[in-house]
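Data first, discussion second: the structure below is written as structure tokens.
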Amino acid sequence: MTPRSPATAAPGGRPNGRRPGPGRALIGPAALLAAGAVAHLLPGTVAWRQARCRLLPRLSGVGRPDHVALTFDDGPDPVATPRVLDTLDALGWRATFFCLGAQARRNPRLVGELVQRGHEIGVHGDTHLSHLRRAAPGVVSDLRAARDLLEDLSGGPVRWFRPPYGAVSAATLLAARRVDVDLVLWTTWGRDWRSDATGATVVGHVRRTYVPGATVLLHDSDITSAPRSWTAAIDALPLLAGEWHDRNLAVGPLREHF
């Protein structure tokens, strides 16, 4: 990714010289109206996910039809994340990891390792609290703290933002603009947070929710999931590799997706 230019500064003293990305064009009047209309819905429901994939494809992560953006939320975790990284290395894949600031403070070395091993850092907020229950000043402060920490630990700019639970409110949109990050959710998930998740069930859910140009949501932590549920995501990855290879799909981070 292109570093931020030192020539100008955003509010709070952060450089602000990046090129326009999907979020710059996405968060316009139409997106604001759409987000306001769904702000009090459950963002993870099937109807909401399907609707936003049609109405707001960039927000939902719809990208190149021959590419799958692989993403992981809620880390870094000292047990789960290294195992996910080893599995990705074996498959020759790179992914985007949406990290929590609180987790990064506990495991700062892992943030650097993610970058060293070729992966992309996104921000998932500082704490895993739904924006539907938070006022705008708190959301802005939370996002800025996490973004600044992750940029310091990774040594580069952080472009992407996914709010906890995928919950989008007016405060979410305001925070994304103030902190200068691009909001992206997902098109496809594995439901790997469940206590009964297995590699086979994760593949089944990914298959059922798949759309061309998919952004896939998995997890490399169980802090908001059933204990050790991340093992299902790891078990699913080689199975998905065979399926996606047969469909001639490239797999990579969000920076390659749009």
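Annotation: average projected area of segment 40-256 is 10.5 square nanometres, based on the convex hull of Cα atoms across all directions.
Annotation: amide H-H contacts under 5 Å for Val251 (H modelled 1.01 Å from N, sequence separation of 5 or more, or interchain): Val68.
Highest mean first, the peptides 48-58, 187-197, 118-128 sorted by other C-beta atoms within 10 Å per residue fall in the order 118-128, 187-197, 48-58. Multiplying the residue separation of Ala170 and Arg194 by 0.36 nm and subtracting their alpha-carbon distance yields 5.7 nm. When you filter the trypsin sites (Lys or Arg not before Pro) in segment 195-252 for DSSP loop state and at most 15 other Cβ atoms inside 10 Å of their Cβ, you are left with Arg228, Arg247. Extension gain, Ala226 to Asp66: 0.36 nm times the residue separation minus the Cα-Cα distance gives 54.3 nm. What the Cβ-Cβ distance of Glu113 and Ala250 gives, at R0 = 22 Å and to the nearest 0.05, is a FRET efficiency of 0.40.
Descending by average beta-carbon neighbour count within 10 Å, the peptides 146-157, 167-178 line up as 167-178, 146-157, the highest first.
Length gained on full extension, Glu243 to Leu91, computed as 0.36 nm times the residue gap minus the Cα-Cα distance: 53.4 nm.
Quick note: the coordinates plus some simple rules give every number you see, no bench work behind them. The structure presented is a predicted model; accordingly, all values stated were derived computationally and were not measured. Backbone-built Cβ (ideal geometry, glycine too); neighbour counts: all protein chains shown.
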